[in-house]
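Structure, as structure tokens:
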Amino acid sequence: GFSESLEAIVRRLTATRQSVLCSATFPEEIRALALKSLREPKEVRVGEVSTRPTLDARFHAVEDGQREASVLGLLLLHRPEASLVFCNTRREVDQLSNFLNAAGMSAAALHGDLEQRDRDEVLVRFGNGSLRVLVASDVAARGLDQRELDCVINH
């Protein structure tokens, strides 16, 4: 769907250039364009990942007044090393992280009302394992780069 735009861009480029074309998929139209616009192209393919993580999704219906206690109970039952708990509002994020800390869990809040340095500190602690539970609004949690995550809870 974007081959015409790509062809228009290629027509405007100088003849002396270095070009790299990366694509998650490589249909014949893109291959033809690459062969037409690149000099001595090299194709690099990444093989299939041999092992994929298994996900164990569970649903727990909880009454509104029991949500915080239920999150704590799940964390105590499963004892994950790294957990991410999503909340809908910044207020819920603060309330739940305070509740978990009062119960002895290593938890911290992450949302847009925090100063950037505070957000950075929370992410460093979560990344190095000194913080086991990150309670975040969905907006604040976008773009997190966490390699190992044992548990995700939608509060």
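The values are calculated or read from the model by the stated rules, or taken from the named source; none is laboratory data. All of these numbers come straight from a predicted model, not from anything done at the bench. Positions of Cβ are backbone-derived with ideal geometry, glycine not excepted, and every protein chain shown enters the neighbour counts. What goes into the accessible areas is simple: the full protein's heavy atoms, side chains included, and nothing from ligands, DNA or RNA. Shrake-Rupley method; radii C 1.70, N 1.55, O 1.52, S 1.80 Å.
Put CYS87, CYS151 in order of accessible area, largest first, 1.4 Å probe: what do you get?
CYS151, CYS87
Taking the convex hull of the alpha carbon atoms in region 81-155, what volume per residue do you get, in Å³?
Taking the convex hull of the Cα positions in region 81-155, it is 80 Å³ per residue.
Checking a compactness column here: for region 20-69, what do you get for Rg(Cα) / (2.2 N^0.38 Å), N being the number of residues?
Ratio of Rg to 2.2 N^0.38 Å for region 20-69: 2.36.
Give the accessible surface of the chain per residue, rounded to a whole number of Å², with probe radius 1.4 Å and ligands, DNA and RNA excluded.
Ligands and nucleic acids excluded, the result is 76 Å² per residue.
Given the rule -39500 (n - 2.57) for each run of at least 4 DSSP H residues, summed and divided by the residues of the chain, what is its mean residue ellipticity at 222 nm, to the nearest 500 deg cm²/dmol?
-11500 deg cm²/dmol
Protein chains only, probe 1.4 Å: how do LEU72, LEU100, LEU35 rank by accessible area, largest first?
Largest to smallest exposure gives the sequence LEU35, LEU72, LEU100.
Using a 1.4 angstrom probe on the protein heavy atoms only, could you order PHE86, PHE26, PHE2 from most to least accessible area?
Ranking PHE86, PHE26, PHE2 by accessible area, largest first, yields PHE2, PHE26, PHE86.
Going through region 99-150, which trypsin sites (Lys or Arg not before Pro) have at most 11 other Cβ atoms within 10 Å and a DSSP loop state?
Here the sparse-neighbourhood loop sites are ARG142, ARG147.
Please state the relative contact order of the chain as a whole percent: Cα pairs under 8 Å, 6+ residues apart?
In percent, rounded to a whole number, it is 25.
What is the spin-label model distance, in nm, from ASP113 to THR54 if the labels are put 7 Å beyond Cα along the C-beta direction?
4.2 nm
Roll a 1.4 angstrom probe over the protein heavy atoms and tell me the percent of accessible area of region 86-128 that is carbon or sulfur.
Here carbon and sulfur together make up 44 percent of the probe-accessible area.
Between GLU121, GLU68, GLU40, find the one with the highest GNM mean-square fluctuation for the chain; connect C-alpha pairs within less than 10 Å.
Taking springs between Cα atoms under 10 Å, the residue moving most is GLU40.
Dipole of the chain (Lys/Arg Cβ +1, Asp/Glu Cβ -1, origin at the Cα centre): which of ALA107, SER37, VAL62 lies farthest to the positive side?
It is SER37, whose Cα lies furthest towards the positive end.
Given springs between every Cα pair under 10 Å in a Gaussian network model of the chain, which of ALA24, ALA82, ALA57 has the largest fluctuation?
Greatest mean-square fluctuation among the candidates belongs to ALA24.
Go ahead and collect, in residue order, the members of region 11-33 whose backbone nitrogen is under 18 Å from a label point 7 Å along the Cα-Cβ direction of LYS42.
It comes to 17-23, nothing else.
Dividing the Cα radius of gyration by the Kirkwood radius, what Rg/Rh value follows for region 21-133?
With Rh from the inverse mean 1/r over Cα pairs, Rg/Rh is 1.22.
Could you give the size of the charge dipole of the chain about its Cα centre, using +1 on the Cβ of each K and R and -1 on the Cβ of each D and E, expressed in debye and rounded to the nearest 20?
680 debye
With springs only between Cα atoms under 10 Å, which of ALA103, ALA15, ALA61 fluctuates most in a Gaussian network model of the chain?
ALA15
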